[in-house]
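J.: Provided herewith is a single structure, encoded as C-alpha cells, for subsequent inquiry.
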Amino acid sequence: MALPGVQRLDHIGFTVPNLAEAEDFLVNVLGCEYMYPLGPFVHEDSDWMLEHLNVHPRTVMRRLHFFRLGGQAVFEVFEYEAPDAHGQQERQ
C-alpha cells in the first residue's frame with residue numbers, strides 16, 4: 001500500500017568515501033548514465049551543514065555527481081571533507 005499522495009521517487013542521495021570508485025561502480029557495473037557534476041558547496045559563515053546534514057559546520061561538499069539508472073532512477077552521489085574526519089572509511 002502506497003502512502004497517500006506519493007506518485008514517484010525523484011532521486012536518492014548518498015555519500016561515498018571515494019567518488020571515482022563510486023562512479024566506476026555505478027557506470028560500469030550497474031549501467032548508470034553519468035549526468036552532470038555540481039559543487040563545491042561551502043558554508044563558511046553558517047551552521048547549514050550541521051543543521052541540515054548533522055556534520056561538522058565547516059564541512060565542505062567537494063564534489064557532487066548525478067547518475068541516471070534505467071531512464072528514471074537518479075542517484076545524487078557526493079563526497080565531502082570535514083575538519084573532524086578521521087580518514088577514509090574502511091571497506092567492510
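J.: Out of the residues in segment 1-23 meeting the condition of being within 16 Å of residue 64 (Cβ to Cβ) and in a loop (DSSP other than H, G, I, E, B), tell me which one is farthest from the chain's Cα centre (by Cα).
T.: Step one: list which residues in segment 1-23 are within 16 Å of residue 64 (Cβ to Cβ), which gives 10-23.
Among the residues that remain, those that are also in a loop (DSSP other than H, G, I, E, B) are: 10-11, 16-18.
On the way: 10: 14, 11: 11, 16: 7, 17: 10, 18: 11 Å.
Across segment 1-23, the extreme among qualifying residues is 10.
J.: A further question follows. Just checking, how many residues over segment 61-87 are part of a strand (DSSP E or B) and at pLDDT 85 or above? Let's see the steps before the verdict.
T.: Residues of segment 61-87 that are part of a strand (DSSP E or B), as a first pass: 61-69, 73-81.
Narrowing the set further to residues that are at pLDDT 85 or above leaves 63-69, 73-79.
Count: 14.
J.: Residues to consider are 61, 49; find the one that is surrounded by 11 or more Cβ atoms within 10 Å (Cβ to Cβ) and over 13 Å from the mean Cα position of the chain (by Cα).
T.: Details: 61 fails: over 13 Å from the mean Cα position of the chain (by Cα).
It is 49.
J.: Let me ask something else about it. Of the residues 19, 9, 26, which single one is in contact with a Lys or Arg (Cβ under 9 Å, 6 or more places away or on another chain) and in contact (Cβ under 8 Å) with a residue 40 or more places away in the chain? Write out each step before concluding.
T.: Working: 9 fails: in contact with a Lys or Arg (Cβ under 9 Å, 6 or more places away or on another chain); 26 fails: in contact with a Lys or Arg (Cβ under 9 Å, 6 or more places away or on another chain).
Matching residue, one of 19, 9, 26: 19.
The values are calculated or read from the model by the stated rules, or taken from the named source; none is laboratory data. The structure displayed is predicted, hence computed values, not measured ones. Glycine gets a Cβ as well: all are built from the backbone with ideal geometry, and neighbour counts include every protein chain shown.
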